[in-house]
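Each remark here refers to the structure printed beneath this line.
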Amino acid sequence: MKRNNILIALLVFGWTILISQPIFAVATKTSKRAEINVMGMVCDFCTRGISKKLKKDTRVKRYTIDLNNKTVTVYFKKDQAISKKDLAEIMKQSGYTVKSIQYYEQKN
């Protein structure tokens with residue numbers, strides 16, 4: 001019984017470590033772009049709702065939408081990165097669920 005409890009505790013701890021990694025990705029003032037993996041985005045009509053929301057956000061410099069890879073890449077204005085929470089909310093308001101968000105430095 002004691003061995004089972006220890007094994008369960010180790011499994012829960014390990015699982016927590018694994019799933020927490022992408023959750024704590026944070027936008028910094030130096031982040032230049034974010035790549036968002038969007039679930040359910042399959043057609044041109046899907047992209048229109050996302051485009052409409054991104055165009056309204058003053059922190060967005062430009063964006064690209066790749067239907068084949070189901071990704072939205074958002075380029076931020078200087079020192080105006082959008083938080084992961086806000087990006088997920090924009091996608092939710094567009095009717096889509098975010099699978100993951102990664103931040104990158106834009107290369108010139």
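Just for segment 61-89: of the residues that are at pLDDT 95 or above and among the β-branched types (Val, Ile, Thr), which one is nearest to Asp44 (Cα to Cα)?
Ile65
So Arg62 clears everything in (1) of a type outside the set (Ser, Thr, Tyr); (2) closer than 19 Å to Thr97 by Cβ; (3) assigned to a strand (DSSP E or B) except one condition, right? Which one?
(2) is the only condition that Arg62 fails.
Please go through segment 71-95 and give me each residue that is over 11 Å from the mean Cα position of the chain (by Cα), surrounded by 15 or more Cβ atoms within 10 Å (Cβ to Cβ) and closer than 14 Å to Arg48 by Cα, ordered by number.
Hit for segment 71-95 is Ser94, nothing else.
State whether the residues of segment 33-45 include one that is β-branched (Val, Ile, Thr), at pLDDT 95 or above and more than 13 Å from the chain's Cα centre (by Cα).
Looking for residues that are β-branched (Val, Ile, Thr), at pLDDT 95 or above and more than 13 Å from the chain's Cα centre (by Cα), one finds none in segment 33-45, hence no.
Out of (1) crowded, with 17+ Cβ neighbours inside 10 Å; (2) out of contact with any Phe, Trp or Tyr (no Cβ under 6 Å at 6 or more places or on another chain), the odd one out for Leu54 is which?
Status for Leu54: all satisfied but (2).
The values are calculated or read from the model by the stated rules, or taken from the named source; none is laboratory data. Keep in mind the model is a prediction, meaning the values are calculated, not measured. Heads up, the Cβs are rebuilt from the backbone with ideal geometry, glycines too, and the neighbour counts pull from every protein chain shown.
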